[in-house]
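Before any comments, here is the structure.
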Amino acid sequence: MKALFEVVTSSIGKKLLMGVSGVLLVAFITVHMLGNLQIFLGGHALNQYAHFLKISPELLWGFRLAMAGIIAVHVIVALALTVESFGARPKDYEKERNAASLASRTMIVSGLVILLFVGYHILHFTAHLTNPEFDALLDADSKPDVYRMVIEGFSNPWVSLVYVVGVLLLSWHLSHGVSSMMQSLGLRNRRSACLIDGAAVVFAVVVFVGMASVPAAVYFKLIF
């Protein structure tokens, strides 16, 4: 156990944790985006998808707790690596920082803002603490009408703006985070760097368009 702890807390171990947690978060973001896009198939499709996710409360809460743990690991290790890099060689760190892209230099800031955005998202659409009236929205089967919740939620232009900005920051984070994740896992090198960096940007754009299209479509009354 002590040996495992030493490996995990080493610089290589932390980078490996960042890579693995990053892969899991990217997978979740992709699935979450595809789920959200079902709103364009109509209310029945989105509600059926939402109801399917809640068939087993035990599995649902187990998944939520697992995701919370993954996010916690990702954030804590990211902060530890940043402090470690700066403290070990401040001059070299500054040189690397100046040579790096703006997205890579702002990873910690964008990550922490995204964390706040995720918290708001949970309070808004999951816990309904910001909008308790969502509890009264039920479909024909007397189950939560998620479709109507989304429509009413994003009908508020300020809420839509918050979500679009939040998704923009997430995509900005991913544009460098995916490349960094692949490097942490030893899959990015001189030969593959250009391809991986390009794929990271494409993925970030796809995530932004996919996620921002929902509040945009509601706001411009393309879906209602």
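The table below lists the values:
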{"read-out": "Contacts under 6 angstrom Cβ, first residue in the range 195-206 being among the aromatic types (Phe, Trp, Tyr), partner in a helix (DSSP H, G or I), 6 or more apart", "value": "203/178"}
{"read-out": "Failed item, numbered, when residue 155 is tested on (1) in contact (Cβ under 8 Å) with a residue 40 or more places away in the chain; (2) of a type in the set (Ser, Thr, Tyr); (3) closer than 16 Å to residue 32 by Cβ", "value": "(3)"}
{"read-out": "Helices (runs of 4 or more DSSP H) fully within the range 103-190 counting 2 or more residues that are loosely packed, with under 15 Cβ neighbours inside 10 Å, of a type outside the set (Asp, Glu) and within 14 Å of the chain's Cα centre (by Cα)", "value": "107-121"}
{"read-out": "Among (1) assigned to a helix (DSSP H, G or I); (2) without any contact (Cβ under 8 Å) to a residue 12 or more places away in the chain; (3) more than 16 Å from residue 40 (Cβ to Cβ), the one test that residue 209 misses", "value": "(3)"}
{"read-out": "Residues that are free of Cβ contacts under 8 Å to residues at least 40 places away in the same chain, under 30 Å from residue 181 (Cβ atoms) and surrounded by fewer than 17 Cβ atoms within 10 Å (Cβ to Cβ), drawn from the range 35-48", "value": "35"}
{"read-out": "Residue list for the range 123-152, filter: under 19 Å from residue 32 (Cα atoms) and in contact with a strand residue (DSSP E or B) (Cβ under 7 Å, 6 or more places away or on another chain)", "value": "144, 145"}
{"read-out": "Pairs, first at pLDDT below 90 in the range 54-71, second surrounded by 12 or more Cβ atoms within 10 Å (Cβ to Cβ) and not charged (D, E, K, R), C-beta under 7 Å, six or more apart", "value": "54/60; 60/53"}
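The values are calculated or read from the model by the stated rules, or taken from the named source; none is laboratory data. These figures come from a predicted structure and were not determined experimentally. A quick note on method: Cβ atoms are made from the backbone with ideal geometry, for glycine too, and the neighbour counts reach across all protein chains shown.
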